[in-house]
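Engineer: Dropping a structure here in structure tokens format, bear with me for questions.
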Amino acid sequence: MTTAPPPADTAARLTGLVRALRGHGLRIGPAETVDAAAVLDVLGLADREQMRAGLAAALLRSDTQRAAFDATFDLFFPLGVGTPEAVRADPPALPDDPRPPRPGRPDPLRDDLRERLAAALAADDRAAQARLAGEVVEALGRYGAGATPASDGWSAHQALGRLAPETLLARILAALREQATAPDLSDRVLADEIRRRIQDFRALVATEARRRVAELRGAERIAERAVAPTADRIDFLAAGRDQLAELRRTVHPLARKLATRLAARRRRAARGQIDLRRTLRRSLSTGGVPLRPAYRLRRPARPELVLLCDVSGSVAGFADFTMLLVQAMSEQFSKVRVFAFVNRTAEVTALLARGDADPARLAARILTEAKVMGHHGNSDYGSALGEFAERHLDAVGPRTSVLILGDARTNHRDPNLDALRRIAGRARRVHWLNPEQPALWPTGDSAAAAYAGVVEMHSCRNARRLGELIARLLPV
């Protein structure tokens, strides 16, 4: 297979980097691109890390975008091209059979790499770790073996799976204690430090594998498929523990941005409509030309907001993030009340208002402290909506906007559309935010299509979409 040629010059590399970042949702315009070109002109290419920092300062708008930027930067401005120099100088003895050895069979190459990696991690030798990352990818991560050129490549997942660096923790910890080179720290703190070093090495291997594959497939293609999205573009239903923690860290910056937008909408709405009679009367002083329009001033009161959230199963992370976001924006509303449910409905406004509460455990606290489950733990939207309509309908009034959060999967139980109609008939507006994509709404036990016939239902799969919906849908 012919190797994809790298960009011909610095300008092509920079524009390729900008296009790839735009593909990941980063808003980079011509002005930022020109600034980035000026940064390269001033800093040059001699110091790669200084160049990375300068381009990040010119192109990024928040720290949450840095991870995607770094991974993409490594593709368009790689540290090297082709096989690493350390591997070329002392190539590993590759086995005749590229397939992983069977369990229990000795693997001298893997054992040698593990021994050297343990020593490099114990010494915290970053240069040695970088060299080993290249060797690990070359020796353990290659697949295809040239049989079908289109399938050739390098896999960080395969290389790390065969190397298993996490299993070195006990060996490194024992070596540090025996050599008396470890700082005077507890084993638990030192073990956390070793885990951090192992995680950094895993990132080096992933970067090296992406670089090697980008030379085969093209940097822009790999940037599109192999670079993790920014936190605000991660699907709620697919987010892991670390990604949800990253999302929670974006709550307050996003809340400030949305609060600013709502306040601006409120100021514009306060001007009201043009008062034609007063405008014509004013125009008499300018010969009939209406230079100074007069408006019917409004005095809009801040709206009330009610959240009705499914906190069961995989949608708990979506509800958790949205509740925290709305709580951070509570000053934009005259009243905010939050209700949670699995198959029973309970008000949890006080749990969110508790200042000492740990936001990372919000859903777990709701499940243990609020009566949101009956005799079983499965979602039952019909029962939950019915209980809300019977017991908590006084929370909804003509100034109230209701947001319902959930995937509308009823486990084949009665969806209770009448209860939803009662809520919609009493509220000013009702919007249903569904974390599933619309193609899945008519499938399985989902009653999304039926509920969408009663209230507006919107697909809300990530934090960026959630912010757009809240800024657009909520009244001022």
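Engineer: Would you point out which residue out of G374, G382, G406 is among the small types (G, A, S) and within 21 Å of R337 (Cβ to Cβ)?
Structural biologist: It is G406.
Engineer: Please go through the stretch 224-247 and give me each residue that is among the basic types (K, R) and at pLDDT 80 or above, ordered by number.
Structural biologist: Those that are among the basic types (K, R) and at pLDDT 80 or above: R225, R233.
Engineer: Could you please let me know if S401 is hydroxyl-bearing (S, T, Y), outside any loop (DSSP other than H, G, I, E, B) and open to solvent by 30 Å² or more (accessible area, probe 1.4 Å)?
Structural biologist: no
Engineer: Consider L244 carefully, then state whether it is open to solvent by 30 Å² or more (accessible area, probe 1.4 Å) and either outside any helix (DSSP H, G or I) or closer than 15 Å to T72 by Cα (or both).
Structural biologist: no
Engineer: Checking S379 against (1) of a type in the set (S, T, Y); (2) more than 30 Å from H24 (Cβ to Cβ); (3) free of Cβ contacts under 8 Å to residues at least 40 places away in the same chain; (4) open to solvent by less than 60 Å² (accessible area, probe 1.4 Å), which test does it fail?
Structural biologist: Only one criterion is unmet by S379, namely (3).
Engineer: In addition: Answer yes or no: is there a residue in the stretch 356-367 that is buried (at least 20 other Cβ atoms within 10 Å of the Cβ) and either aromatic (F, W, Y) or part of a loop (DSSP other than H, G, I, E, B) (or both).
Structural biologist: No, because not a single residue in the stretch 356-367 is buried (at least 20 other Cβ atoms within 10 Å of the Cβ) and either aromatic (F, W, Y) or part of a loop (DSSP other than H, G, I, E, B) (or both).
Here is a yes/no grid of residues against (1) under 30 Å from A263 (Cα atoms); (2) touching a Gly at 6+ places or on another chain (Cβ under 6 Å); (3) at pLDDT below 90; (4) surrounded by fewer than 18 Cβ atoms within 10 Å (Cβ to Cβ):
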{"position": "G397", "(1), (2), (3), (4)": "yes, no, no, yes"}
{"position": "R413", "(1), (2), (3), (4)": "no, yes, no, yes"}
{"position": "H431", "(1), (2), (3), (4)": "yes, no, no, no"}
{"position": "P438", "(1), (2), (3), (4)": "no, no, no, yes"}
{"position": "W441", "(1), (2), (3), (4)": "no, no, no, no"}
{"position": "D445", "(1), (2), (3), (4)": "no, no, no, yes"}
{"position": "A452", "(1), (2), (3), (4)": "yes, no, no, yes"}
{"position": "R461", "(1), (2), (3), (4)": "yes, no, no, no"}
{"position": "I470", "(1), (2), (3), (4)": "yes, no, yes, no"}
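Engineer: Something else about it: Quick one: how many residues across the stretch 205-223 are open to solvent by 40 Å² or more (accessible area, probe 1.4 Å) and at pLDDT 85 or above?
Structural biologist: The number of residues fulfilling the criteria is 4.
Engineer: Filter the stretch 194-247 down to the residues that are of a type in the set (D, E, K, R), farther than 28 Å from Y143 by Cα and touching a Gly at 6+ places or on another chain (Cβ under 7 Å) and list them by number.
Structural biologist: R233
Engineer: Taking the residues in the stretch 121-144 that are of a type in the set (A, V, I, L, M) and touching a Phe, Trp or Tyr at 6+ places or on another chain (Cβ under 8 Å) as candidates, determine which candidate is farthest from A175 (Cα to Cα).
Structural biologist: Within the stretch 121-144, the match that is farthest from A175 (Cα to Cα) is V137.
Engineer: Check Q65, Q50 and return the single one that is over 30 Å from V251 (Cα atoms), at pLDDT 85 or above and assigned to a helix (DSSP H, G or I).
Structural biologist: Q50
Engineer: In the list D74, D9, which residue meets the criterion of being modelled with pLDDT under 95 and open to solvent by 60 Å² or more (accessible area, probe 1.4 Å)?
Structural biologist: Answer to the selection: D9.
Engineer: Next question, about the same structure. How many residues does the stretch 283-339 hold that are on the phi < 0 side of the Ramachandran plot and not in a helix (DSSP H, G or I)?
Structural biologist: 32
Engineer: Select from the stretch 247-287 the residues that are hydrophobic (A, V, I, L, M, F, W, C) and open to solvent by 70 Å² or more (accessible area, probe 1.4 Å) and list them in ascending order.
Structural biologist: Residues satisfying the conditions are I274, L276, L280, L284.
The values are calculated or read from the model by the stated rules, or taken from the named source; none is laboratory data. Only a predicted model underlies this, so the values are computations on that prediction, with no experimental measurement involved. Backbone-built Cβ (ideal geometry, glycine too); neighbour counts: all protein chains shown. Only protein heavy atoms, including side chains, enter the accessible area calculation; ligands, DNA and RNA are left aside. Shrake-Rupley method; radii C 1.70, N 1.55, O 1.52, S 1.80 Å.
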